[in-house]
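J.: Please read through the structure below; I'll follow up with questions.
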Amino acid sequence: MQHNFERLSEHILPLSNSDNFHVAKNEWKLVGVEIQEDWDNCPCGQAIKELCYIQNQLNGNKTHVGNVCVNQFIGIATGNLFAGLKRIASDNSANANEDLILHAYQLGYIYENEYHFLMQTRRKRKLSDKQMTWKQKINLRIVNQTVVRKNT
Ligand SMILES: [Zn+2]
């Protein structure tokens with residue numbers, strides 16, 4: 001199934017102040033991301049596992065869309081955010097990529113000193129024991145807030 005712009009627009013416009021999509025899309029800001037093991041649906045009709053929570057800055061309405069629609073139609077770039085998230089979810093000693101670190105900080109998942117630490121060490125293969133422990137602790141916190149595993 002294709003990402004259906006009409007269906008997405010029919011969902012977004014009633015939640016927006018403007019009734020013109022090209023104006024309305026600018027009212028929205030990314031406020032959270034999530035990877036689910038179970039399938040969810042984007043308002044466009046596409047089955048998704050990578051969810052982007054967005055909030056309207058003018059009226060406070062909230063909804064979620066898939067990672068493709070958030071980039072393609074809402075115009076919010078997430079880059080390699082989800083690839084980075086999957087990587088640290090499967091290995092908590094892995095380095096988060098730049099997009100993930102930036103968004104994790106902007107979305108409030110990590111503190112400023114953690115942001116600087118992750119940025120400074122994002123290409124490092126060798127860390128001291130203390131640094132590795134810190135990195136794992138930060139990665140675990142990001143994953144706990146963004147990855148929803150099946151309850152079964
Ligand atoms: Zn979609």
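The values are calculated or read from the model by the stated rules, or taken from the named source; none is laboratory data. On a predicted model such as this, the values are computed, not experimentally measured, just so you know. Ligands, DNA and RNA are stripped out before the accessible areas are found, and what is left, the full protein with its side chains, is counted by its heavy atoms. Shrake-Rupley method; radii C 1.70, N 1.55, O 1.52, S 1.80 Å.
J.: Amide H to amide H, which residues 5 or more places from TRP28 or on other chains are under 5 Å from it, using H placed in the peptide plane?
T.: GLN57
J.: Tell me, what is the per residue accessible area of the range 1-140 in Å², probe radius 1.4 Å?
T.: About 56 Å² of surface per residue is accessible.
J.: Stretched out fully, how many nm does the piece from SER90 to GLU112 gain, at 0.36 nm a residue minus the Cα gap?
T.: 5.5 nm
J.: On to the next question. Could you please state how large a percent of the accessible area of the chain is carbon and sulfur, counting protein chains only and using a 1.4 Å probe?
T.: Carbon and sulfur: 46 percent of the exposed surface of the chain.
J.: Still on this structure: Output wanted: per-residue J couplings in Hz (rounded whole) for the range 92-97, from phi through Karplus 6.51 cos²θ - 1.76 cosθ + 1.60, θ = phi - 60°, x for Gly and Pro.
T.: Karplus-based 3J(HN,Hα) across the range 92-97 equals 6, 9, 6, 7, 6, 7 Hz.
J.: Additional query: A 23 angstrom limit on the alpha carbon distance is what I want to check against. Which of LYS29/LYS137; LYS49/LYS86; LYS25/LYS150; LYS29/LYS135; LYS86/LYS135 exceed it?
T.: LYS29/LYS137; LYS25/LYS150; LYS29/LYS135
J.: Which far-off residues, 5 or more places away or on another chain, put their amide H under 5 Å from the one on ASN61, with H placed in the peptide plane?
T.: Long-range HN contacts for ASN61: ASN56.
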